[in-house]
Structures are given as structure tokens and as C-alpha cells.
Amino acid sequence: MAELDLAELVRRVRSGDADAWDALTGRYTNLLWSVARGLGMGDADAADAVQTAWLRLVEKIDDIRDPERLGSWLATVVRRECHNIRRRTGRVDTGEPEEGWEAVGAVTDPLDDRLLRDERDAALWRAFAGIRPDCQRLLRVLMADPAPSYAEVSAALDMPVGSIGPTRQRCLACLRDRLDGNLFEQTKARTAAGQRRPDDAGQGVIRP
Amino acid sequence: MKDEWHDEELLSAYRRIAADVDGTPDDVLVAARAAFLTRDLDAAIAVLVADSRNETAYETVRAEPDPAQGHWLLSFEGGGIQVDLEVREEQGRLRLLGLLSGTSSGDCFLEQAGERHRVDVDPLGRFVVVGVAHGPIRLRCRSSDGTRVTTTWVTI
């Protein structure tokens with residue numbers, strides 16, 4: 001089911017196929033969660049924004065003309081809901097849905113070192129928490145699994161498709177700059193303490 | 001080291017870490033699947049026509065609702081009915097003050113998180129619901145001609 005193309009999944013959902021719906025939610029829920037987290041939403045607010053997008057899709061499923069743009073549509077709904085939530089909680093005074101995100105970075109506090117496989121991962125996540133808010137937003141959305149299309153990222157952050165590639169490059173460069181320092185310090189410390197582990201033999205190269 | 005960290009590699013590493021430390025919570029996935037159960041092919045939809053969190057349409061309305069002060073207005077129209085909702089924060093919960101027109105009496109429900117609560121509407125179409133949690137809601141009513149109408153989902 002998950003490997004069916006979107007047009008077929010949408011067609012099946014319209015005819016009432018709950019398995020096709022499950023496949024859609026499996027494909028996009030992490031993207032939507034990543035968008036909400038990228039826009040700084042806490043657990044409960046992120047959950048609400050994501051759920052609203054799915055509920056809206058149930059209402060609108062018969063009106064979707066271009067199923068290939070479904071991810072973008074869902075991402076747009078989440079972004080607007082996040083805006084509404086921010087307005088409600090008084091974090092922004094005025095402005096259209098597309099404005100007012102300048103200072104908002106991604107949620108980076110769920111870092112729990114116990115959850116991370118090793119110090120390198122912890123260093124990576126700390127570096128992410130230290131970059132500019134706009135880079136955090138973009139990269140957090142790009143971290144969605146499966147990886148989003150640029151059209152989906154564009155909808156999620158209301159930025160032109162053409163600027164995503166260059167911004168991504170710039171943000172990753174910032175990240176690398178921070179990492180070079182951090183990881184070098186860490187590796188040096190471990191080596192000094194005689195704790196260098198066999199898997200560190202790759203000179204700190206990050207392997208996915 | 002720089003040269004070896006290609007963008008894709010770095011992003012893949014982050015994708016894996018994000019899944020570890022900030023993956024989609026299970027209940028969010030379960031709720032997403034369950035959303036399909038809200039499908040109602042026969043009901044007409046009353047769409048959100050104004051939301052004071054986004055628009056200036058309410059500027060002339062009385063005490064100038066201010067979402068940052070926990071007070072805002074929503075209006076829905078469609079399927080022959082109209083719903084105006086005033087939402088107000090009250091000690092962490094929400095109080096809804098509603099005005100319905102075009103509905104038949106006594107058959108109106110508030111839906112939230114898979115639950116349905118009957119709404120007591122007075123003869124003038126007014127109702128109050130207190131103690132509502134934040135999250136997506138919708139109202140389901142019947143129009144005067146008996147058609148089932150639901151408002152679109154809205155996060156409050």
C-alpha cells in the first residue's frame with residue numbers, strides 16, 4: 001500500500017479505504033511533526049496542529065485536484081495552525097500567517113543524552129541548537145523522514161523553492177563550522193583520557 | 001573533515017538523530033489514523049469564514065478580541081447555517097459562547113479528540129460550553145431543513 005503512488009492512494013481513500021488512509025498518514029505525519037517542531041511548537045501544540053491538518057484533509061479529500069501536491073497542502077495547513085497557536089498564546093502581536101517567524105527557532109530541548117547513541121550525536125544535536133533560528137527551522141523540516149521535496153519545504157516555511165537549496169547549503173556550512181570546533185574538542189578530550197573507541201577510527205567522519 | 005561531511009551525509013545523520021530525540025509521538029500517529037473515522041460523506045460543511053486571529057474582519061466588533069489575551073472570534077457559514085463562536089481562556093481551559101442560526105433546535109454536538117458532547121442550545125440559538133481543552137474542534141448540527149451540517153475543524 002505504502003508504495004502506491006499518491007494519486008492511487010487518494011483515489012482509494014475517497015472510496016473509503018482505511019488502509020490507504022493509514023498509508024498516507026504513514027508517509028506524511030513525520031513531515032508535519034517536523035514542520036510544527038521546526039516552527040517551535042511544544043508537544044501538545046505540535047500534536048494539535050498536525051491533527052488539525054489530518055482532520056482537514058478528511059473533509060477535503062474529495063476536492064484535492066493534484067494529489068502530488070498533497071504534502072505541500074498538509075504542510076501549509078500545519079504552518080497556518082502553528083501561526084494561530086502562536087497568536088493565541090501571545091507570542092506574536094500582529095501580522096499575517098506568513099510573518100513573524102524571524103526569531104522562532106526549532107524545538108531543540110528534547111535532547112536527552114540517554115537517547116543518543118554516542119557523544120557524536122549529542123555534539124551534532126548541540127550544534128544544531130546553536131545555529132540561527134532560520135537555519136534551525138529549515139533544517140528541522142529537512143530532517144523529516146522520508147525526506148521532503150523542496151515544494152513541501154517551500155509550503156511548510158513559506159519560502160521560495162529557489163532559495164531552499166542555497167539556504168540549505170549556507171545553514172549546513174554554519175553547522176559544519178560549529179561541529180568542527182566541537183567535535184575536535186571532544187575527540188581530543190577522549191583521546192587524552194584514553195577513551196577513544198574503535199569506531200572513532202574514521203577521524204570523526206559522520207556516517208549516517 | 002569538512003570535505004568528508006557532504007551535505008547529504010550530514011542531513012542523513014541529523015534525520016536519524018531527530019528520529020531518536022524528537023520522533024513523531026505514537027499518539028500523534030494513532031490520532032492521524034483515527035482522523036479517517038470523522039469522515040461524513042453526507043454532511044454539508046460550514047466553512048470558517050472569519051477568524052479574528054488572522055483577520056481584521058472583526059475590527060468593528062465591540063471589545064476588540066485579542067487572541068494574545070485569550071479571547072477570539074470564529075465564524076462559520078455553509079449548509080444553510082451560520083455559527084459565531086467567541087472563545088475565551090478561563091484558567092487554562094476554554095469557554096465557548098456560541099450563536100447559531102439556520103439550525104433546528106436540540107441536535108447539536110461539539111466534537112473533539114474522538115468525543116462528542118451534546119450542546120444545549122437555547123430557543124434564540126445561543127449556547128455556552130465551558131471547560132473545553134485546547135485542540136481541534138468542530139460542531140455538528142442539523143439545519144432547519146434537516147440536513148446534517150458540520151463546521152470545518154478548527155484548532156482552539
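The values are calculated or read from the model by the stated rules, or taken from the named source; none is laboratory data. Note that the structure is a prediction, hence the values are computed from the model and not measured. Positions of Cβ are backbone-derived with ideal geometry, glycine not excepted, and every protein chain shown enters the neighbour counts. Note: areas computed on protein heavy atoms with side chains; ligands, DNA, RNA excluded. Shrake-Rupley method; radii C 1.70, N 1.55, O 1.52, S 1.80 Å.
Here are a few things to note about the model shown:
- For the pair A:Arg132 and A:Arg27, label points projected 7 Å from Cα toward Cβ lie 3.4 nm apart.
- GluC sites (Glu not before Pro) restricted to DSSP loop in region A:1-76 with at most 11 other C-beta within 10 Å: A:Glu3
- Cα centroid separation, region B:97-143 to region A:123-160 (Å): 39
- Shielding of A:53-65 by partner chains, average beta-carbon count, 10 Å: 5
- Backbone amide hydrogens, once placed in the peptide plane, bring B:His71 within less than 5 Å of B:Asp66, B:Glu89, excluding anything fewer than 5 places away on its chain.
- Dipole magnitude of region B:38-155, debye to nearest 20 (Cβ charges: Lys/Arg +1, Asp/Glu -1, about Cα centre): 320
- Cα-based helix-to-principal-axis angle, B:7-22 vs chain B, degrees rounded to 10: 50
- Residues A:Cys174 and B:Arg126, FRET efficiency given R0 of 51 Å [Cβ-Cβ distance, rounded to 0.05]: 0.40
- Computed E for B:Glu90/A:Asp63 - FRET, C-beta separation, R0 45 angstrom, nearest 0.05: 0.80
- Distance between the C-alpha centres of region A:13-84 and region B:11-58: 5 Å, rounded to the whole angstrom.
- Cβ-Cβ FRET estimate between A:Arg11 and B:Glu115, R0 fixed at 30 Å, reported to 0.05: 0.45
- Heavy-atom accessible area for A:Met159, with the other protein chains in place and a 1.4 Å probe, reaches approximately 40 Å².
- Most positive-pole-ward Cα, B:Gly92, B:Val128, B:Gly102, against dipole of region B:92-135 from beta carbon charges: B:Gly92
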